[in-house]
Structures are given as structure tokens and as C-alpha cells.
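Quick notes on the structure that follows.
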Amino acid sequence: MAKDNTWNIQLSNFFVGYAPLAFTNNLTEVGGAGAASAMTNVDVLTDRMTQGPALSTLTSGDQTGSVDELITYIMDRAVTDDVTYAIGATKFYTLSSTAVTNTHTISGCTDGESIQVIKGNAYYFYNKASGGEVGKFDLSSTYDDDWGSTVPFGGASIENAIHPSTSKEDTIVFGNGQYVGTYIVSTNTFAPRKLDFGEGTVCADVIYSSGYWYLAINSGITGTNRTTSQIYLWAGAALTTTLEDEAAVGVQRIGFLYVLNGTVFVAYQDLSSSGFIIGYINGKAISPLARFTGDLPTFAQKTLYKGTIAFLSSGLVYSAGAFVDTLPFQLSQHADGGHSTAGAIAAPFGTPMVSSTDGGSNSKIAKFSGYDTNCSWESIVFPLSTGKYKGYIDEIIVHTNILGADARCDLTIKANQAVTTSTTQQITGTGETRHYFDNFGLAEIEDFKVRLDWSNGNATNPVAIRSITINGHFTEST
């Protein structure tokens with residue numbers, strides 16, 4: 001033992017998000033003092049950790065209004081001032097920043113896929129009981145639900161498949177099962193099978209960046225079977241059938257591609273382990289950045305939020321990235337997705353919107369608003385046992401924002417591999433910023449983690465944690 005038998009642990013820098021191995025073990029000891037072993041709906045994007053955003057349903061945005069199904073795709077940009085579009089299982093929706101303003105029932109639609117607005121028209125991709133289709137909306141009042149199979153030169157029905165899509169200038173490129181298709185407005189040329197990647201493949205996503213279309217192609221049997229994936233680069237003119245380059249993902253499955261500040265990010269899955277990985281294209285390889293458990297997000301489940309990629313997984317909203325360039329890349333669970341099954345996320349007016357359903361009669365589209373109170377955070381585990389000595393917690397000092405009325409966060413210590421729990425300490429008090437605690441009901445302990453719980457908090461006045469200081473001493477164990 002050292003002559004000074006005291007110890008001190010400072011928790012700060014919560015912006016690092018999850019600890020590296022949190023996805024395997026919520027009792028992990030690996031990571032910085034501000035890293036989380038577990039979290040629920042917590043905002044760690046800045047230098048203060050606080051409650052994540054709550055959701056406010058849009059006017060006419062649930063089953064009592066215009067949304068009686070799962071919305072599967074929301075456009076990620078405004079088409080005109082305070083206007084954007086979405087698509088669901090059977091309907092085409094017009095949205096403002098606060099309301100669902102109009103709906104159109106699509107003839108024969110069983111599954112809405114994606115929407116592109118180009119040259120004054122919206123083109124909406126959807127599946128039918130047999131095959132797929134592309135509809136056309138003039139952004140005013142006229143919907144042509146079977147446009148793709150009847151109107152354009154070379155028109156033909158498309159596959160029953162997922163249909164990620166993107167556009168630039170006068171060209172739309174879209175996934176079409178084993179094919180990648182194009183529509184070129186200037187020549188009215190519709191080619192649903194422009195590229196053929198072979199039987200058993202699926203185009204999972206398509207984006208445009210730096211003069212190339214990036215095509216994410218999964219191949220193999222779906223479900224719990226291993227697949228292989230490739231990311232192909234295709235020249236921006238989208239005229240030839242020759243690919244420019246490729247990056248191999250290997251024995252994985254790609255969920256989505258996303259370009260941010262010139263970097264192409266990839267969400268992909270390693271089926272030999274639960275969960276998924278966020279990485280980026282680095283030459284002809286994928287460099288992993290962070291990993292966590294959950295469902296693999298799809299092309300409709302990503303958007304930009306505060307400089308990070310917000311995405312959906314297992315009905316929850318996650319954040320991956322850094323709020324400013326000087327902060328490290330982080331992965332965190334940021335907000336709830338609404339009902340148990342989340343459909344799509346987008347931020348066409350700056351504030352993210354999320355669609356969801358409970359699988360029954362309740363569906364909605366809602367946007368971030370205010371603060372959630374179903375929020376919690378747990379630190380990594382800090383070992384204290386050394387030789388015949390254990391640790392004893394003497395005091396904890398928590399620094400917060402200036403608390404408003406009814407703001408509250410509860411602090412507990414989970415000790416001895418989370419078997420023993422301390423008494424609850426309330427971080428509260430109008431106008432307070434420093435909170436001192438020295439009675440936890442714990443004896444000597446081998447290790448501990450800090451748990452914060454905002455369930456008794458306030459949806460208007462948050463508790464933002466600046467730092468937590470734990471002071472203690474070692475004591476000889478009997």
C-alpha cells in the first residue's frame with residue numbers, strides 16, 4: 001500500500017459515448033472515465049451530459065389523424081419552404097415541419113420504399129403484391145401511380161424489392177433487387193435493369209459523392225446466414241455498364257451508406273457477432289470506428305444531426321460521429337424512436353422526425369421536442385480491490401448546470417459487479433450547480449460503477465452533468 005491510502009476518480013468528457021466493449025458487457029472496465037457501459041436516451045454530444053430529446057407527434061401525425069400505418073421513408077430535405085414528402089405502406093404523405101398536411105392513397109401499393117424530387121416532380125418507388133412500380137407527382141395535385149410501367153421511354157415495371165434511391169442534376173439512380181436502375185429526365189430514359197449484379201444479390205443503398213455513385217451490394221442468403229458485400233463505384237454520368245472501382249466488405253451485410261464532409265460512412269454487420277459496425281471507406285477497405293448491438297439500420301434510417309449521423313436501430317435513435325471536429329468519434333444511444341418498431345428518420349427542416357408503429361393500431365410520425373425523462377447512464381466499472389484491501393467511498397461531488405424548478409437526476413452506486421446498490425442521492429435544487437453527497441449505505445467494496453437516472457426529472461428543465469468527482473480511501477478487508 002502507498003503511504004497515502006486515498007483515491008480519487010473524476011468522471012468527465014462524457015462526449016466519448018459508449019466504452020469500446022460496452023456492446024459485449026455492461027460491466028466493462030475498458031474505456032475512459034467518461035465512457036458509458038450502458039445508456040438510455042442520453043445526450044452526450046457536447047461537454048455536458050443531459051437528457052435526450054423527447055418526441056412530439058406532428059399535427060394529424062398519428063392514427064387519430066392521417067397516419068394509420070408505418071411510414072417507411074421520409075425525404076431528408078425540404079422540397080419547397082416548409083414542405084417535404086414521405087411514403088408508407090399504402091400512402092404518399094405531404095409534411096410540413098409541424099404537421100401532416102396531405103395524403104394520397106397509392107393504387108396497389110403494399111410497401112413504400114423511397115422518393116426523389118427532380119426537375120419539378122416527385123418520383124416515388126413502391127412495391128405491389130406482385131412486382132414494383134414508380135409513381136410520379138407534379139408537386140401540386142396530380143399523381144400518376146403507374147407512371148414507371150406506362151409513360152417513360154423504355155418504361156417497364158420494376159422488381160418487388162427494396163428500392164434505395166438518390167439523384168443529382170437530371171439523373172435518378174435506384175436499387176432494384178439484383179439490379180441498379182436509372183431514370184434520366186432529359187432523355188426520358190427509364191432503365192430499371194441498367195446494371196445486373198447477378199442472382200442472389202440485393203442493392204442495399206446508393207449514394208453520390210465526388211463524381212461517383214456508390215452502390216452497396218449484398219449477396220447470399222438473408223436472415224441469420226453469412227453474406228458477402230461489395231461497394232462499387234460507378235461513373236457519375238450513369239450511362240455505361242462498366243464499374244470504376246470497388247471496396248470489399250467481406251463476410252458482412254451492409255445496412256446503409258452515408259456521405260458526410262467527403263467521407264463515405266458504412267453501417268455493416270458481422271454475422272459472427274451480434275450487432276453492427278459503423279466504419280468508413282478507406283481506399284479499397286472499410287475502417288471500423290465503433291460497434292454496438294441492435295438491428296442493422298437500413299437506407300431509410302439515417303440522417304444528419306448536430307454534425308453526427310443519427311440512425312435507427314431496434315426502435316431507438318443512435319448518434320455516431322462528433323459534434324465538432326476536435327471531439328473524438330463517438331457512438332451513443334440518443335433518443336427514443338416512439339413506438340416499438342421505428343420506420344424512418346430524416347431532418348428535412350433541421351429537427352429530426354421519426355416514424356414508428358406498435359405493430360397494431362397505433363402509428364405516428366414525431367419530431368424531437370423538449371427533454372425526455374426515460375433517460376439513464378452508467379459508467380464503466382472502476383476496480384478498487386488490491387491485495388487484502390478494498391475501497392470505501394467517502395464523498396461524491398456532482399457539478400451541473402444551474403438547475404431550474406423540478407429538475408432532478410438520481411445517482412446511485414452499483415458495487416461488487418453491480419450486485420450491491422447504494423442509497424439513492426437526488427441531484428436537485430433550484431439554482432444549484434454543486435451537489436455534495438457522503439452517505440451511500442455501502443461498506444468496503446471491490447469495484448463500482450455510477451448510475452444516473454432522470455426518470456424523476458423534468459421535461460422542460462433538464463439536469464446537465466458537467467463532472468462527477470468520487471473521493472474515497474482504501475481499507476483492510478477482513
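Since every read-out is calculated from the coordinates, none of them should be taken as a lab result. Here the structure is a predicted model, which is why all the values come from computation and not from measurement. Every residue, glycine among them, receives a Cβ derived from its backbone with ideal geometry; neighbour counts consider all protein chains shown.
Pairs spanning more than 18 Å between alpha-carbon atoms, out of LYS119/LYS168; LYS390/LYS414; LYS91/LYS119; LYS91/LYS364: LYS91/LYS119. Among rounded, prolate and oblate, which fits segment 242-283 when a ≥ b ≥ c are the square roots of the eigenvalues of its C-alpha gyration tensor, a/c under 1.5 means rounded, and a/b larger than b/c means prolate? Oblate. Here the Karplus curve 6.51 cos²θ - 1.76 cosθ + 1.60, taken at θ = phi - 60°, turns the phi angles of segment 153-161 into couplings of 4, x, x, 7, 5, 10, 6, 7, 6 Hz, with x standing for Gly and Pro.
Dipole magnitude for segment 174-247: about 160 debye, using +1 per Lys or Arg Cβ and -1 per Asp or Glu Cβ, origin at the Cα centre. Relative contact order, whole percent, for the chain stands at 16, derived from Cα pairs under 8 Å and 6 or more residues apart.
Positive end of the dipole of the chain (Cβ unit charges, origin at the Cα centre): among GLY155, TYR73, GLY255, the Cα lying farthest that way belongs to GLY255.
Using equal-weight Cα scatterers in the Debye expression, the normalised intensity of the chain in log10 at q = 0.09, 0.12 Å⁻¹ is -0.66, -1.03.
Taking a ≥ b ≥ c as the square roots of the eigenvalues of the Cα gyration tensor, segment 118-198 is oblate, since a/c reaches 1.5 or more and a/b is not larger than b/c.
About its Cα centre, the chain has a charge dipole of approximately 440 debye under the convention of +1 per Lys or Arg Cβ and -1 per Asp or Glu Cβ, with nothing else charged.
With N counted as the residues of segment 250-306, its alpha-carbon radius of gyration over 2.2 N^0.38 Å works out to 1.08. All Cα-Cα separations within segment 81-144 were binned at 5 Å from zero, giving a P(r) of 4, 18, 31, 26, 14, 5, 1, 0, each value a whole percent of the pairs. Kirkwood radius, segment 152-311, all distinct C-alpha pairs, inverse of mean reciprocal distance: 16.0 Å. Compared with the direct C-alpha span, the chain from THR64 to ASN456 gains 138.2 nm at full extension, assuming 0.36 nm per residue.
Using only side-chain charges placed at the Cβ, +1 for Lys and Arg and -1 for Asp and Glu, the dipole size of segment 322-478 relative to its Cα centre rounds to 280 debye. Shape of segment 1-140 from the C-alpha gyration tensor: prolate (a/c of 1.5 or more and a/b above b/c, with a ≥ b ≥ c the square roots of its eigenvalues).
Simple rule: put +1 on each Lys or Arg Cβ and -1 on each Asp or Glu Cβ in the chain, find the dipole, and look at ALA342, VAL134, PHE311; the Cα lying farthest toward the positive end is PHE311.
Our note on the geometry: Cα centres of segment 58-125 and segment 314-378, 19 Å apart. Of the residues SER274, THR386, ASN26, the one whose Cα sits farthest towards the positive end of the charge dipole of the chain is THR386 (charges of +1 on Lys and Arg Cβ, -1 on Asp and Glu Cβ, taken about the Cα centre).
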